[in-house]
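Heads up: the structure comes next, in structure tokens.
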Amino acid sequence: MESTLWFTSDHHFGHKNIIKFSNRPFADIDEMNSELIKRWNEKVKPEDIVYHLGDFGLASVPKVREILGELNGKIHLVTGNHESVALQCADCFESVKDYHELIIPDPEAHAGKRLIVLFHYAMRVWNASHHGSWHLYGHSHNELPDDRTSLSFDVGVDCHDFYPISYQEVKQIMSRKTWTSPFEPRN
């Protein structure tokens with residue numbers, strides 16, 4: 001069975017204050033954790049690959065381990081600014097990095113490969129951004145306006161109805177951007 005590639009960020013499992021800070025529609029931590037796990041598993045299958053771009057959880061180490069055990073997929077963590085507990089659970093992730101450049105075979109991309117730069121924070125420029133590479137980030141909790149001229153956007157759960165988004169969904173979003181290569185003639 002072929003795996004699907006997913007991206008997400010900023011679950012903040014176990015973080016009571018994120019409900020208020022991000023105006024999340026949950027009564028308490030238990031409801032939030034339960035709904036986030038449910039929505040994750042509605043999309044992600046056990047064989048799928050997930051890149052989580054930081055701020056995974058702010059619960060106890062045993063609770064974060066328990067949550068990781070309930071989530072489908074092979075999870076890679078790109079660290080955020082609230083990762084002290086997740087780092088204590090590093091053995092539960094496929095990989096843990098501060099920054100990651102992902103190359104995906106894609107016949108629709110230049111030379112049949114797509115470069116995606118994964119980082120917790122939004123960047124104005126990134127490796128090969130002037131050649132059409134993509135940048136996915138989190139951290140901003142839907143507070144940073146999308147730049148339609150930039151091949152980047154926030155994959156955080158607060159932006160996507162608390163679901164992870166697939167590579168195909170990312171491609172659809174990127175196809176609506178109005179980015180122009182600096183090497184092409186401009187009007």
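Out of all the residues in the stretch 74-90, which are under 14 Å from residue 48 (Cα atoms) and open to solvent by less than 20 Å² (accessible area, probe 1.4 Å)?
Listed by number, the list holds a single entry, 75.
Being in contact (Cβ under 8 Å) with a residue 40 or more places away in the chain, out of contact with any His (no Cβ under 9 Å at 6 or more places or on another chain), within 20 Å of residue 136 (Cα to Cα) and open to solvent by less than 20 Å² (accessible area, probe 1.4 Å): is that true of residue 50 here?
Values: in contact (Cβ under 8 Å) with a residue 40 or more places away in the chain: yes; out of contact with any His (no Cβ under 9 Å at 6 or more places or on another chain): no; within 20 Å of residue 136 (Cα to Cα): yes; open to solvent by less than 20 Å² (accessible area, probe 1.4 Å): yes.
The answer is no for residue 50.
Working only within the stretch 16-44, note down all residues that are under 18 Å from residue 160 (Cβ atoms) and not in a helix (DSSP H, G or I).
Answer for the stretch 16-44, where residues must be under 18 Å from residue 160 (Cβ atoms) and not in a helix (DSSP H, G or I): 22, 23, 24, 25, 26, 44.
Can you tell me which residue among 93, 153 is closer than 18 Å to residue 55 by Cβ, among the aromatic types (Phe, Trp, Tyr) and within 11 Å of the chain's Cα centre (by Cα)?
Working: 93 fails: within 11 Å of the chain's Cα centre (by Cα).
Going through 93, 153 in turn, the sole match is 153.
Being at pLDDT 95 or above, under 17 Å from the mean Cα position of the chain (by Cα), of a type in the set (Val, Ile, Thr) and open to solvent by 90 Å² or more (accessible area, probe 1.4 Å) narrows it down to one residue among 103, 173, 165; which is it? Explain how you work it out, then say what you get.
Details: 173 fails: open to solvent by 90 Å² or more (accessible area, probe 1.4 Å); 165 fails: open to solvent by 90 Å² or more (accessible area, probe 1.4 Å).
Going through 103, 173, 165 in turn, the sole match is 103.
For residues that are at positive phi and of a type in the set (A, V, I, L, M, F, W, C), scanning just the stretch 106-131, find the one that is nearest to the chain's Cα centre (by Cα). Let's see the steps before the verdict.
First pass over the stretch 106-131, keeping only residues at positive phi: 111-112, 128.
Imposing the further condition that a residue be of a type in the set (A, V, I, L, M, F, W, C) reduces the set to 111, 128.
On the way: 111: 25, 128: 20 Å.
Looking at the filtered set, the residue picked out is 128.
The values are calculated or read from the model by the stated rules, or taken from the named source; none is laboratory data. For clarity, every value in this text was computed on a predicted model and none was experimentally measured. Cβ: placed from backbone, ideal geometry, glycine included. Neighbour counts: every protein chain shown. To get the accessible areas, we keep the full protein, side chains included, count just its heavy atoms, and leave off ligands, DNA and RNA. Shrake-Rupley method; radii C 1.70, N 1.55, O 1.52, S 1.80 Å.
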